[in-house]
Amino acid sequence: MTNTKPQVKEINCESGEEIIRDANEQELVQMAIDAANVKTRETETKAKASAKAALLAKLGITAEEAQLLLS
Amino acid sequence: MAKQTFTTGQVLTAAQMTSLQQTAMLGGSASAKTASYTLVAADAGTAISMSSASATTITVNTGLFAAGDTVQITNLGVGVCTITAGTATVNTSASLALAQYESGTLDFTSTSAAIFIKGAGAYTSLASGTLSSTAVDLNSISQLYTDLYLVVVGAYFITTASQCVFRFNSDSGNTYNQWYGLLTSTTPISETDNTFFQTSRNNVPTSANASTSIVYIRNYATTSAKQITATFSTITDAGGGNYWSFGSYESSTAISSISIRSSNGTSVFGGGTYTLYGVK
């Protein structure tokens, strides 16, 4: 049977010991939170880009011209 | 020549005289090891080299050496060689772990105790290897190192494309702030309150690449002082854009672990290398 659980490579910097193990429950929860955060940020970034493009179109100026106004 | 007891009237051979001369000129006999080894009495006054791709140990037991005896140990292999107290006591002001090309001397103060005097180096390699699995966690970072440098080169993922990120002490709070920019643009993008350092705002490539990240940590050992951490990256992203980024992280907790992982938490590293250096 294939192991589909995410794995973690752990290195002990004192002893040099290296192990590869399945992610534990706490780590799996954090991974799910990280994935959700990434999606949220991606959505926010896309929404911001769309709003910016719409505003520039409404004003009839380019991004460079808008930058010039703000500098 | 290993330490031995000479007897009255004994005739020394030319080979013994040559060996004694070599020892007297601080070039005692050498013994090459390729696997973990336990010191024996005959190792007194000799130099031991370890050469192994895996982690190894040199074990020190009582009743074999006298006060004043020394054993020099040099690690030639990629695997970390650690001086291990068996039944004897081994103290050091440095680390008992020897990275590749590091060396130290066991200086016995009694039959049951030794001090390990490690050769000083500006940078000590604490861990190095290839990125694999979903996360690479560098744990048990000694607080004896006041400065840490993590160098990550060419990280990429073989499953879902993702960003390569760094997290300290499993701190997933909104405590990481960053700036990003395209090399061809003068307009940086800021990102505050992130839950990790990202090497790039976009996904890293899904194959070998020349992206580089350096994380610097001023790691004060006292909790009264703030840790100052910065990351600098130049990344070619998955779309072929060339990005730079830098950021800062502050915490009053000394950093003892660094996790290198994907931003989505589940992508698997396909390659890239990491090296963590410590400076005392």
Ignoring ligands and nucleic acids, chains B and A bury, in total, an accessible area (1.4 Å probe) to the nearest 100 Å² of about 2200
By the scheme Lys and Arg +1, Asp and Glu -1, what is the net charge of all other residues having a beta-carbon under 12 Å from that of B:S133? -1
How much mean residue ellipticity at 222 nm does chain B get from its helices, if each DSSP H run of length 4 or more adds -39500 (n - 2.57) and you divide by all residues, to the nearest 500 deg cm²/dmol? -1000 deg cm²/dmol
Carbon-plus-sulfur fraction of the accessible area of segment B:149-280, 1.4 Å probe, in percent? 55
Output the residues of segment A:1-41 meeting this criterion: accessible area (heavy atoms, 1.4 Å probe) in the chain alone minus accessible area with all protein chains in place is 40 Å² or greater. A:Q7, A:K9, A:I11, A:C13, A:E14, A:Q30, A:M31, A:D34, A:V38, A:R41
With both bridge residues required to lie in chain B, what share of the DSSP beta bridges run antiparallel, to the nearest 5%? 80
Can you give the FRET efficiency for A:L70 and A:S15, using 1/(1 + (r/R0)^6), R0 = 56 Å, r = Cβ-Cβ distance, to the nearest 0.05? 0.55
In Å², what does the accessible area per residue of chain A work out to with a 1.4 Å probe? 75
Using only the alpha-carbon atoms, how far is helix A:25-59 inclined from the longest principal axis of chain A? Give it as 0 to 90 degrees, nearest 10. 10
Report, to the nearest whole %, how much of the accessible area of chain A belongs to carbon and sulfur atoms, 1.4 Å probe, protein only. 60
Sparsely packed GluC sites (Glu not before Pro) within chain A, loop by DSSP, other Cβ within 10 Å at most 15: A:E17
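The values are calculated or read from the model by the stated rules, or taken from the named source; none is laboratory data. If you're wondering where the values come from, they're calculated on a predicted model, not measured in any experiment. Note that we place each Cβ from the backbone using ideal geometry, even for glycine, and neighbour counts take in every protein chain shown. For the accessible areas, the whole protein counts, side chains as well, though only heavy atoms, and no ligand, DNA or RNA atoms are used. Shrake-Rupley method; radii C 1.70, N 1.55, O 1.52, S 1.80 Å.
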